[in-house]
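Asker: There's a structure below that I have some questions on.
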Amino acid sequence: MTHDDNDVHDVRELLGLRTIAAKTVVTAYVATFALVAWSTNPPGGGWFEFAAWIVVSIGAVGLIGVPGDPLAAPAAAYLTLSGPIAVNLIFVVVPVPIDGLLQLWPLAASTAIYTYMCVRGRTVWAWIGMAAVLASCMLWAARTGQSAAYGLSMSAINLAPLLMATFFAWTIRPAAREIFALRQETTLRIAAEAADTAVLDERDAQLTRLDDLARPLLERITDADPLTGQERLDCQLLEAHLRDTLRAPTLAVPHIAAEARSARTRGVEVVLLDDHALDTAPDEIRDRVITAAVDALTRARSGTLTIRILPPGRDVLATIVHSTRDDIVRLEYDPDGQPLAPRI
């Protein structure tokens, strides 16, 4: 998926509210009601019609644009109020009696918003908004001498789509939760399988490397002839290298392995330790520490050279300690891999 992981539980994904088709529908909604507002505009009512159109258009865009499931409370509050606000703006300018129901276009516009609010998990808020719209119609009709019953009759038809949307929401949202749960379970299973595969691949790679390194010497050991001095040294160097790969996997890179072997051949006791501070470090920091370790191994001619990666969260990332018969030199590296003042 190309969206953020938090969107796994966003119902917009399931209903396709992020698709080009959804944006096309919203565009058509905005354009349609712009045309209706313009065509039914009474004399002197342009600004009120425009304001009502802006209110419902923002609501329509918010329905597909605002993230989260259920819809965030501030967005839900705006959508709830958009209906009565738009309707009352129109009531200021429509003639009494009206020439046609199309002049009350905010009723249809707000009904569309409320139906999708149900899908977005705000069914109660949608019904509150619809109740406010019906009450506004009844008050307007009563105030203009047309009776509250007339106001209810001309707006109650909009209850049918909202009832269907409520039923749809009660049906689809539990199914959506199950789909999201299955999707999450599938994602976790795939991740676990990928991790298992990576472990098996790494094990196979380690076994292959071990076979390449150890098999020749093991076959030589099984021979009847005694080992030569060089072969004994090769066994010691191999044992030290295998120990390094176990105790300091981060430092078990070709450059360090080669220089450690050379240093041990010269009689230097090399100790590599890894407490994992480099595990998540950026490549440039890792490269600085590895370069410093290679340089120390190259310069060592005797004594004991200990290269250690410290635990995460320390002020010191790594230390290199070279102990000889004459002195002890300690080098420390900060979390950026930069050398600190040497301690002698």
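Asker: When ASP283 is evaluated against the numbered criteria (1) within 26 Å of PRO216 (Cβ to Cβ); (2) without any contact (Cβ under 8 Å) to a residue 24 or more places away in the chain, which criterion, by number, is the only one it fails?
Answerer: If we test ASP283 against (1) within 26 Å of PRO216 (Cβ to Cβ); (2) without any contact (Cβ under 8 Å) to a residue 24 or more places away in the chain, just (1) comes out false.
Asker: Quick one: which residue in VAL93, VAL36 is surrounded by 15 or more Cβ atoms within 10 Å (Cβ to Cβ) and either part of a helix (DSSP H, G or I) or within 29 Å of the chain's Cα centre (by Cα) (or both)?
Answerer: Exactly one of VAL93, VAL36 is surrounded by 15 or more Cβ atoms within 10 Å (Cβ to Cβ) and either part of a helix (DSSP H, G or I) or within 29 Å of the chain's Cα centre (by Cα) (or both), namely VAL36.
Asker: Taking the conditions exactly as written (more than 25 Å from LEU207 (Cβ to Cβ), among the aliphatic types (A, V, I, L, M) and not in a helix (DSSP H, G or I)), does ALA292 satisfy them or not?
Answerer: Here the answer is no, as ALA292 does not meet what is asked.
Residue-wise test of (1) within 19 Å of ALA109 (Cα to Cα); (2) among the β-branched types (Val, Ile, Thr); (3) touching a strand residue (DSSP E or B) at 6+ places or on another chain (Cβ under 6 Å).
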site: GLY129; (1), (2), (3): yes, no, no
site: ALA135; (1), (2), (3): yes, no, no
site: ALA141; (1), (2), (3): no, no, no
site: ALA148; (1), (2), (3): no, no, no
site: GLY151; (1), (2), (3): yes, no, no
site: LEU163; (1), (2), (3): yes, no, no
site: PHE168; (1), (2), (3): no, no, no
site: THR171; (1), (2), (3): no, yes, no
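For (1) closer than 27 Å to ILE307 by Cα; (2) touching an Asp or Glu at 6+ places or on another chain (Cβ under 9 Å); (3) modelled with pLDDT under 85; (4) β-branched (Val, Ile, Thr), each residue gets a yes or a no:
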{"position": "THR171", "(1), (2), (3), (4)": "no, no, yes, yes"}
{"position": "LEU182", "(1), (2), (3), (4)": "no, no, yes, no"}
{"position": "GLU202", "(1), (2), (3), (4)": "yes, no, yes, no"}
{"position": "ASP212", "(1), (2), (3), (4)": "yes, no, yes, no"}
{"position": "ASP223", "(1), (2), (3), (4)": "no, no, yes, no"}
{"position": "GLY229", "(1), (2), (3), (4)": "no, no, yes, no"}
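Asker: As an exercise: evaluate ALA260 against (1) at pLDDT 90 or above; (2) under 37 Å from the mean Cα position of the chain (by Cα); (3) part of a helix (DSSP H, G or I) and give the number of the one condition it does not meet.
Answerer: Tallying (1) at pLDDT 90 or above; (2) under 37 Å from the mean Cα position of the chain (by Cα); (3) part of a helix (DSSP H, G or I), ALA260 fails exactly one: (2).
Asker: If you take the residues of region 229-259 that are among the small types (Gly, Ala, Ser) and either closer than 26 Å to PRO312 by Cβ or touching a Phe, Trp or Tyr at 6+ places or on another chain (Cβ under 6 Å) (or both), which of them is surrounded by the fewest Cβ atoms within 10 Å (Cβ to Cβ)?
Answerer: Checking each candidate, the answer is ALA257.
Asker: Could I ask something else about it? Identify, please: which residue in region 295-310 is part of a strand (DSSP E or B) and not hydroxyl-bearing (Ser, Thr, Tyr) and is, among those, farthest from PRO249 (Cα to Cα)? If you could, list the steps in order and put the result at the bottom.
Answerer: Of all residues in region 295-310, those part of a strand (DSSP E or B) come to 304-309.
With not hydroxyl-bearing (Ser, Thr, Tyr) added as a condition, the list becomes 305, 307-309.
Numbers: LEU305: 17, ILE307: 12, ARG308: 11, ILE309: 10 Å.
By that ranking, first place goes to LEU305.
Asker: Of the numbered conditions (1) at pLDDT below 90; (2) over 24 Å from GLY121 (Cβ atoms), ASP4 satisfies every one except a single condition; which is it?
Answerer: With (1) at pLDDT below 90; (2) over 24 Å from GLY121 (Cβ atoms) applied to ASP4, the lone miss is (2).
Asker: Which ones in region 80-103 are farther than 13 Å from VAL56 by Cβ and of a type outside the set (Phe, Trp, Tyr)?
Answerer: Residues satisfying the conditions are VAL92, VAL93, VAL94, PRO95, VAL96, PRO97, ILE98, ASP99, GLY100, LEU101, LEU102, GLN103.
Asker: Considering only region 99-154, state which residues are charged (D, E, K, R) and either closer than 17 Å to LEU79 by Cα or outside any helix (DSSP H, G or I) (or both).
Answerer: As a first pass, look at region 99-154 and keep what is charged (D, E, K, R): 99, 120, 122, 143.
Scanning region 99-154 gives ASP99, ARG120, ARG122.
Asker: Quick check on GLY313: is it assigned to a loop (DSSP other than H, G, I, E, B), at pLDDT below 90 and of a type outside the set (Lys, Arg)?
Answerer: Answer is yes for this residue.
Asker: Six or more apart or on different chains, Cβ atoms under 8 Å: show the pairs whose first residue is in region 30-58 and touching a residue at least 60 places away in the same chain (Cβ under 8 Å) and whose second is hydroxyl-bearing (Ser, Thr, Tyr) and part of a helix (DSSP H, G or I).
Answerer: As it stands, the answer is PHE33/SER57, since those pairs meet every condition given.
The values are calculated or read from the model by the stated rules, or taken from the named source; none is laboratory data. Keep in mind the model is a prediction, meaning the values are calculated, not measured. Here the Cβ is made from the backbone with ideal geometry for all residues, glycine too, and neighbour counts use every protein chain on show.
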